[in-house]
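Below is one structure, written out as structure tokens; comments come after it.
The values are calculated or read from the model by the stated rules, or taken from the named source; none is laboratory data. Being a predicted model, the structure only gives us computed values, none of them experimental. Cβ placement follows ideal geometry from the backbone for every residue including glycine, while neighbour counts extend to all protein chains displayed.
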Amino acid sequence: KYEMMKLRVLHSFKWEKDLINPLAEEFGISKEEFEDILMNHFDMSDLENMHATFEIANREKIKRQMHLDLRLYWLSDVAKLISEEDADRICHQLTKDIVQHGKKYEDALEEGRAQIVELLRE
């Protein structure tokens, strides 16, 4: 019965769409094998909370990728042409637009580049 409850969580649409299917495919294993791995490593409470943790991690991944794609590691971290505060503000706002408002990543990237050019021209 406990295993069935775990499977019910893992078979939810969000779990399958966001975690199970993409990670099983990425690691070259079956969906069922990946489910077994998760069931063996996590209890029911962990599984119930895992998707929320995934969403937080996904937001952080987008923010870090945005930082890289906007070359802020160079413009802010190395050359100091843009303040750390401005870099964080840009990445935070663009990530929020993507995650909460459904903005396309490429559109957010273009907007970020425009903001950076404005800051560089000041």
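Out of segment 24-59, which residues are surrounded by 13 or more Cβ atoms within 10 Å (Cβ to Cβ) and not in a helix (DSSP H, G or I)?
The answer is 29, 42.
If you check 19, 94, which single one turns out to be at pLDDT below 95, assigned to a helix (DSSP H, G or I), surrounded by 14 or more Cβ atoms within 10 Å (Cβ to Cβ) and not aromatic (Phe, Trp, Tyr)?
Criteria check complete, one pass: 19.
Looking for whichever is under 14 Å from residue 64 (Cβ atoms) and of a type in the set (Asp, Glu) here; the options are 97, 107, 86, 77. Which one fits?
Of 97, 107, 86, 77, the one residue that is under 14 Å from residue 64 (Cβ atoms) and of a type in the set (Asp, Glu) is 77.
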